[in-house]
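Here the structure is laid out as structure tokens; the discussion comes afterwards.
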Amino acid sequence: MVYDKDESEITIEIGNFPDASARSVALKSYIGEDGEAATAVPGGKLHRYVAVSFCLLCILQAALNISLRLALSSPQNIDASCKNLTERDNLRRINFASLAASSAHYFNQGWVYFHDSFYYISSIKKTWQDSRDDCLQRGADLIIINSKEEQEFTRRYKKIMWIGLTDRETEGVWKWVDGTPLTTSFWYFGEPNNYHGRNEDCIEIKYHDNGNSWNDVVCENENLWICEKKMAL
Ligand code: MMA
Ligand code: CA
């Protein structure tokens, strides 16, 4: 290529070609079929695309790095996320540990686990109130029977035992020790009867051969008893 100062023209020397058609072919291969300037290296367009894409990816990567760093590395953010994590983790750990410790305690003391509760069956006899106090001292209370399964569970022991049901407050109004009213009952035939006009305000499970085993008796009687401690494991 020669730049002619005087004529302000660009002359392209394309060599000596025998005729006009040969010169045209040579010119097209240099300039490009569609008249666009082509690079002299074959496949150059592809190289350029790859290079440009690579650069774009680099820029994207850099932008991501910076934004992530800004989002995560600010001291308050690190502090907050760590605090949240450890508080939640610690709560879980404490709950798990205390559950493990209390369940181990109840198992070791000979309590039986059945349907989300621990049960303690006494080996000595006491009045209804003294029995209840014993359960309370053990972190529990007299059993509250609120399902057929639980009722069946109590019958397995074939012992006469106090349960946490009484009408001491208001005659004829049966209440569980947690204050809830009696809804599902398992009275033995003819019970409750305040037998021969006696003030039978406390309930024992008595008739083990029958699904309906409950009987009302005088609270000052002495019986075995069964405590319940709810604990979902
Ligand atoms: C006992 C006592 C009562 C009960 C009757 C049933 C004799 O009294 O347990 O509460 O109702 O037995 O015969
Ligand atoms: Ca009775």
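The values are calculated or read from the model by the stated rules, or taken from the named source; none is laboratory data. From a predicted model like this one, the values you see are computed outputs, not experimental measurements. Don't worry about glycine lacking a Cβ; one is built from the backbone with ideal geometry, like all the others, and counts go over all protein chains shown. When the accessible area is computed, the model is the full protein with side chains, heavy atoms only, and any ligands, DNA or RNA have been set aside. Shrake-Rupley method; radii C 1.70, N 1.55, O 1.52, S 1.80 Å.
Some points to look at:
- Test: Leu165 is aliphatic (A, V, I, L, M), assigned by TED's automatic domain parsing to the domain that holds Ile145 and within 15 Å of ligand 2 (Cβ to nearest atom): yes
- Listed conditions (1) within 16 Å of ligand 1 (Cβ to nearest atom); (2) under 28 Å from Tyr106 (Cα atoms); (3) open to solvent by 70 Å² or more (accessible area, probe 1.4 Å) are all met by Leu233, apart from (1).
- Leading residue by the ranking (most open to solvent (accessible area, probe 1.4 Å)) among those in segment 202-217 that are without any contact (Cβ under 8 Å) to a residue 60 or more places away in the chain and either more than 11 Å from ligand 1 (Cβ to nearest atom) or over 24 Å from Lys126 (Cβ atoms) (or both): Asp209
- Any chance Val173 is away from ligand 1 (no atom under 15 Å from the Cβ), farther than 18 Å from Ser147 by Cα and open to solvent by 30 Å² or more (accessible area, probe 1.4 Å): yes
- Close pairs from segment 92-108: first among the hydrophobic types (A, V, I, L, M, F, W, C), partner open to solvent by 90 Å² or more (accessible area, probe 1.4 Å), Cβ under 8 Å, at least 6 apart: Leu99/Leu233
- All positions within segment 118-138 that are surrounded by fewer than 17 Cβ atoms within 10 Å (Cβ to Cβ) and of a type in the set (Ser, Thr, Tyr): Ser123
- Given (1) β-branched (Val, Ile, Thr); (2) in contact (Cβ under 8 Å) with a residue 60 or more places away in the chain; (3) crowded, with 19+ Cβ neighbours inside 10 Å, number of the condition Ile160 does not satisfy: (3)
- Checking each residue in segment 213-225 for being touching a strand residue (DSSP E or B) at 6+ places or on another chain (Cβ under 8 Å) and farther than 13 Å from Ile163 by Cβ picks out Val218, Asn221, Glu222.
- Filter result (away from ligand 1 (no atom under 11 Å from the Cβ) and surrounded by fewer than 16 Cβ atoms within 10 Å (Cβ to Cβ)) within segment 183-198: Thr183, Thr184, Ser185, Gly197
- Output for segment 218-228, where each listed residue is more than 12 Å from ligand 1 (Cβ to nearest atom) and surrounded by 20 or more Cβ atoms within 10 Å (Cβ to Cβ): Trp225, Ile226, Cys227, Glu228
- Helices (runs of 4 or more DSSP H) contained in segment 60-155 and holding at least 3 residues modelled with pLDDT under 95 and over 27 Å from Ser213 (Cβ atoms): 75-108
- Tally of residues being touching an Asp or Glu at 6+ places or on another chain (Cβ under 7 Å) and within 8 Å of ligand 2 (Cβ to nearest atom) across segment 194-223: 5
- In segment 175-196, the residues that are of a type outside the set (A, V, I, L, M, F, W, C), outside any loop (DSSP other than H, G, I, E, B) and closer than 20 Å to Thr127 by Cα: Lys175, Tyr195
- Looking only at segment 167-210, residues that are under 19 Å from Arg156 (Cβ atoms) and not polar (S, T, N, Q) come to 9 in all.
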